[in-house]
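Visitor: One structure, as structure tokens, below. Some questions next.
The values are calculated or read from the model by the stated rules, or taken from the named source; none is laboratory data. Remember, it's a predicted structure, so these values are computed and weren't measured experimentally. All Cβ positions, even for glycine, are placed from backbone atoms using ideal geometry, and neighbour counts span all protein chains on display.
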Amino acid sequence: MEINNRKAAIIGCGFVGSASAFALMQSGLFSEMVLIDADPQKAEGEALDISHGLPFAKPMQIYAGTYEDIDDAAIIIVTAGAGQKPGETRLDLVKKNVGIFKNIIPEIAKRNCSGILLIVANPVDVLTYAAAKLSGFPENRVFGSGTVLDTARLKYLLGEHLDVDPRNVHAFVIGEHGDSEFVAWSSLDVSGVPVHDFCEMRGHHDHDASMQKIAAEVRDSAYEIIKRKKATYYGVAMAVKRICEAIIRDEKSVLPVSSIQRGNYGVNDVALSMPAIVGRNGIEAMVPIRLSATEYTQLSESAATLRRVIEDAVQL
């Protein structure tokens, strides 16, 4: 079926799904959005609630639907899954959520969909891998939100540390969206100025301690938010909106989305986040960035962590 580039589908209407729907309504990217949930009344309630704000936004049709409504969607956003609880890692969720995906993804695969399958549920890397295998879609059309939010957190914290606009911080958090993620400091700059030089310009000289502190804050951000308010959803909703912008506007933006790697930096047949050019056709190319020997090792270890989880928990 021909794609409607002004239509999105969201599967899963929990905190993340509903926040994403709200962010996408405000973005003006789409003129049609279908919400699908295992509890149809939940989807209906969210659609009604968001629709009531349309007089303050751009014209849009928002409704609760079924898998029959996804055929022509340009982007199918999957947020469905069990949420992360206090004290629980993203990888603790894997068996529960792979089981949920074994019901959801075959339903998508039955339809003649030629849009992008964007995975947001956690653990996003493992579920992106599962979705690619279960759907049979070309791998460039199946990817996860990955470390797009982690990278935004890094830019925000560096902006605060350096007292500079975070939009001028060019950086990537790569690897697993989780405990083995890391900052690619070797390729980080602020408007073309290497980060250490910029730090010194702003009066910061204890580079190693600052780098470790900021990287730990980025990695642990979700845990800190969950401890305080039981869930995270606004930040990831903004990340979903940003990814959708890159796709719908065919921006060719470089984003650290999660996708199955095929030999990049020695990583093969595992989904994790690396910078990629994202446009209307999904992932167009991977972007090679500078990595130190230590960062290369960190990437290999992150991939190995995910590989063990896939082998232990993902029976496809």
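Visitor: Can you name the residue in the range 135-177 that is crowded, with 24+ Cβ neighbours inside 10 Å and of a type in the set (Asp, Glu) and is also farthest from the chain's Cα centre (by Cα) among such residues?
Guide: Taking the candidates together, the pick is Glu176.
Visitor: Looking at (1) more than 29 Å from Val98 (Cα to Cα); (2) out of contact with any Gly (no Cβ under 6 Å at 6 or more places or on another chain), find the lone condition where Asp72 falls short.
Guide: (1)
Visitor: Counting only residues that are in contact with a His (Cβ under 9 Å, 6 or more places away or on another chain) and over 17 Å from Val254 (Cα atoms), how many does the range 95-152 have?
Guide: 4
One line per residue, one yes/no per condition, for (1) surrounded by fewer than 18 Cβ atoms within 10 Å (Cβ to Cβ); (2) touching a Phe, Trp or Tyr at 6+ places or on another chain (Cβ under 7 Å); (3) within 26 Å of Ser221 (Cβ to Cβ); (4) among the small types (Gly, Ala, Ser):
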{"residue": "Gly12", "(1), (2), (3), (4)": "no, no, yes, yes"}
{"residue": "Phe30", "(1), (2), (3), (4)": "no, no, no, no"}
{"residue": "Gly45", "(1), (2), (3), (4)": "yes, no, no, yes"}
{"residue": "His52", "(1), (2), (3), (4)": "yes, no, no, no"}
{"residue": "Ala64", "(1), (2), (3), (4)": "no, no, no, yes"}
{"residue": "Asp72", "(1), (2), (3), (4)": "no, no, no, no"}
{"residue": "Pro86", "(1), (2), (3), (4)": "yes, no, yes, no"}
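Visitor: May I ask you to say which residue of Ser253, Ser258, Ser210 is under 29 Å from Ala303 (Cβ atoms), in contact with a Lys or Arg (Cβ under 9 Å, 6 or more places away or on another chain), outside the structural domain of Val16 (by TED's automatic domain parsing) and of a type in the set (S, T, N, Q)? Write out each step before concluding.
Guide: Values: Ser258 fails: in contact with a Lys or Arg (Cβ under 9 Å, 6 or more places away or on another chain); Ser210 fails: in contact with a Lys or Arg (Cβ under 9 Å, 6 or more places away or on another chain).
Every option except Ser253 fails the conditions.
Visitor: Ok, one more. If we keep just the residues of the range 281-314 that are in contact (Cβ under 8 Å) with a residue 40 or more places away in the chain and either hydroxyl-bearing (Ser, Thr, Tyr) or in a loop (DSSP other than H, G, I, E, B) (or both), which is nearest to Gly175 (Cα to Cα)? Full working, then the answer.
Guide: In the first step, residues of the range 281-314 are kept if they are in contact (Cβ under 8 Å) with a residue 40 or more places away in the chain; the result is 281-284, 289-292, 295, 298-299, 301-303, 305-306, 309-310, 313-314.
Now drop any that are not either hydroxyl-bearing (Ser, Thr, Tyr) or in a loop (DSSP other than H, G, I, E, B) (or both), which leaves 281, 289-292, 302, 305, 314.
Working: Asn281: 23, Ile289: 13, Arg290: 14, Leu291: 12, Ser292: 14, Ser302: 6, Thr305: 10, Val314: 19 Å.
Checking each candidate, the answer is Ser302.
Visitor: Which condition from (1) modelled with pLDDT under 95; (2) surrounded by fewer than 19 Cβ atoms within 10 Å (Cβ to Cβ) is the one that Val287 breaks?
Guide: The single condition Val287 does not satisfy is (1).
Visitor: Counting residues that are over 30 Å from Asn281 (Cβ atoms) and without any contact (Cβ under 8 Å) to a residue 40 or more places away in the chain, which helices (runs of 4 or more DSSP H) fully inside the range 121-225 reach at least 2? Walk me through how you get there before you give the answer.
Guide: Details: elements: 124-135, 148-162, 195-201.
Correct list: 148-162, 195-201.
Visitor: Just to be sure I understand the filter: pairs with C-beta atoms under 7 Å, separated by 6 or more residues or on different chains, first member in the range 1-28 and within 22 Å of Ala109 (Cβ to Cβ) and modelled with pLDDT of 95 or more, second member among the aromatic types (Phe, Trp, Tyr) and crowded, with 18+ Cβ neighbours inside 10 Å. Which pairs pass?
Guide: Matching pairs, first to second residue: Lys7/Phe30; Ala8/Phe30.
Visitor: Find the residue count for the range 108-136, including only residues that are touching a Lys or Arg at 6+ places or on another chain (Cβ under 7 Å) and under 20 Å from Arg6 (Cβ atoms).
Guide: Qualifying residue count for the region: 2.
Visitor: Could you say whether any residue in the range 50-58 is in a loop (DSSP other than H, G, I, E, B), of a type outside the set (D, E, K, R) and free of Cβ contacts under 8 Å to residues at least 24 places away in the same chain?
Guide: yes
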